[in-house]
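The values are calculated or read from the model by the stated rules, or taken from the named source; none is laboratory data. Everything numeric here is computed off the predicted structure, so don't read it as measured data. Positions of Cβ are backbone-derived with ideal geometry, glycine not excepted, and every protein chain shown enters the neighbour counts. What goes into the accessible areas is simple: the full protein's heavy atoms, side chains included, and nothing from ligands, DNA or RNA. Shrake-Rupley method; radii C 1.70, N 1.55, O 1.52, S 1.80 Å.
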Amino acid sequence: MSSRISEKEFTLLMALLMSVVAISIDALLPSLGVIGGEMGVTDINRTQFLISFIFGGMAIGQLVAGPLSDAMGRKPVLYAGLAIYLLGTLACWLARDFNLLLAGRCLQGLGVAAPYVTAVSVVRDQYAGRDMARVMSLIMMIFILVPAVAPSLGLGIAGLGGWRAIFLFYILYALGVGV
């Protein structure tokens with residue numbers, strides 16, 4: 001009996017792995033002003049650093065995760081990245097200081113780079129040529145839908161449980177995708 005998953009399941013799983021990045025960026029957008037107010041940020045424009053810091057962490061994380069996944073294998077790097085992402089998310093959830101929140105976002109970026117990089121690598125490992133292009137286009141189609149939905153999702157979550165609940169959602173989402 002083969003343990004291989006179907007192409008549809010594979011495509012969905014890779015899209016979910018990649019979507020952790022998009023949801024981590026976009027679900028927080030509607031709450032930036034509230035976060036700034038609660039954290040005592042005097043220049044409201046500084047709250048935009050919450051987006052910059054996750055991108056900065058991702059940039060560094062991709063430089064590390066890519067070569068490590070080639071050297072050590074995809075799965076260990078994927079799980080290590082998710083663990084780092086979860087630590088960063090936990091730090092954000094518990095943060096009582098804006099600088100700690102920024103550090104948590106950077107750590108999130110470092111960690112979330114691994115699912116993104118390994119998903120692309122796994123597709124390249126499994127497919128070539130037209131098949132790879134077809135699977136990647138389906139993955140990207142799903143991936144591109146996430147930024148359209150994530151701000152509304154984040155707004156709804158924040159409306160129900162405050163902006164910190166968005167970080168709890170991130171934890172649950174990453175754990176679900178990891179499983």
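Things to note:
- Residue match in region 147-160 (condition: modelled with pLDDT under 95, under 16 Å from Glu9 (Cα atoms), surrounded by fewer than 21 Cβ atoms within 10 Å (Cβ to Cβ) and not aliphatic (A, V, I, L, M)): no
- Test: Gly178 is open to solvent by less than 70 Å² (accessible area, probe 1.4 Å), under 30 Å from Ile35 (Cα atoms) and at pLDDT below 95: yes
- One residue alone among Gly88, Gly104, Gly154, Gly159 is more than 15 Å from the chain's Cα centre (by Cα) and not polar (S, T, N, Q), and that residue is Gly159.
- Of the criteria (1) crowded, with 17+ Cβ neighbours inside 10 Å; (2) touching a residue at least 60 places away in the same chain (Cβ under 8 Å); (3) among the hydrophobic types (A, V, I, L, M, F, W, C), which one Val77 fails: (2)
- Restricting region 49-61 to residues that are open to solvent by 10 Å² or more (accessible area, probe 1.4 Å) and either in contact with a Cys (Cβ under 7 Å, 6 or more places away or on another chain) or at pLDDT below 95 (or both), the residue that is nearest to Ala95 (Cα to Cα): Phe53
- Restricting the first member to region 31-44 and to residues that are surrounded by 12 or more Cβ atoms within 10 Å (Cβ to Cβ), and the second to residues that are outside any helix (DSSP H, G or I), the beta-carbon pairs closer than 6 Å and six or more apart or on different chains are Ser31/Trp163; Val34/Trp163; Ile35/Trp163.
- Inter-residue pairs, beta-carbon under 8 Å, first within 10 Å of Leu50 (Cα to Cα) and in region 91-107, second open to solvent by less than 40 Å² (accessible area, probe 1.4 Å) and not in a helix (DSSP H, G or I), 6+ apart: Phe98/Met39; Phe98/Val41; Leu101/Met39; Leu101/Ala95; Gly104/Ala95
- Whichever residue in region 108-128 is open to solvent by 50 Å² or more (accessible area, probe 1.4 Å) and assigned to a helix (DSSP H, G or I) and, among such residues, is nearest to Ser52 (Cα to Cα): Leu110
- Filter result for Ala65 (open to solvent by less than 30 Å² (accessible area, probe 1.4 Å), assigned to a helix (DSSP H, G or I), of a type in the set (A, V, I, L, M, F, W, C) and more than 23 Å from Pro151 (Cβ to Cβ)): yes
- Odd one out for Leu168 among (1) crowded, with 16+ Cβ neighbours inside 10 Å; (2) in contact (Cβ under 8 Å) with a residue 24 or more places away in the chain: (1)
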